[in-house]
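Peer 1: Sharing a structure below in C-alpha cells format, with a few things to ask.
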Amino acid sequence: MIGLGSDEPEPLTCSRAGCRATASWRIEWRNPRIHAEDRVKVWLACDEHVEFLRDFLAARDFPLRVVSVDEAEVAGAEVEPERPRA
C-alpha cells in the first residue's frame, strides 16, 4: 500500500527529532547571517516541545515568532515544516 514504510513525517508532525506528535505550534525563524529578511524557515512543534525548540533558536539570537497552527492557517500561511538538526 502507498505510504507504508515511509520515513517522511506527516504534514503537521512536531519537528523535534524523534517526536511524532501532532504539532499545534508554528515557529517561524531565520538566521540573519545567511537568510535575507524575507526568508523565513518554519519548524512545527507539539505542546511538549514548543519551548525547547523556541529556546534552541533564541539561544542563537535568531529572530523568531511562535504562533498557533490554527492562527497561521487562518492567516493563510503555508505550513512547510523542516526537521531541525538539533
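The values are calculated or read from the model by the stated rules, or taken from the named source; none is laboratory data. Predicted model only: the values in this text are computed from it and were never measured. Here the Cβ is made from the backbone with ideal geometry for all residues, glycine too, and neighbour counts use every protein chain on show.
Peer 1: Mind counting the residues in region 12-34 that are aliphatic (A, V, I, L, M) and surrounded by 14 or more Cβ atoms within 10 Å (Cβ to Cβ)?
Peer 2: Residues meeting the conditions: 4.
Peer 1: If you take the residues in region 40-86 that are small (Gly, Ala, Ser) and touching a Phe, Trp or Tyr at 6+ places or on another chain (Cβ under 7 Å), which one is modelled with the lowest pLDDT?
Peer 2: The extreme case among them is 86.
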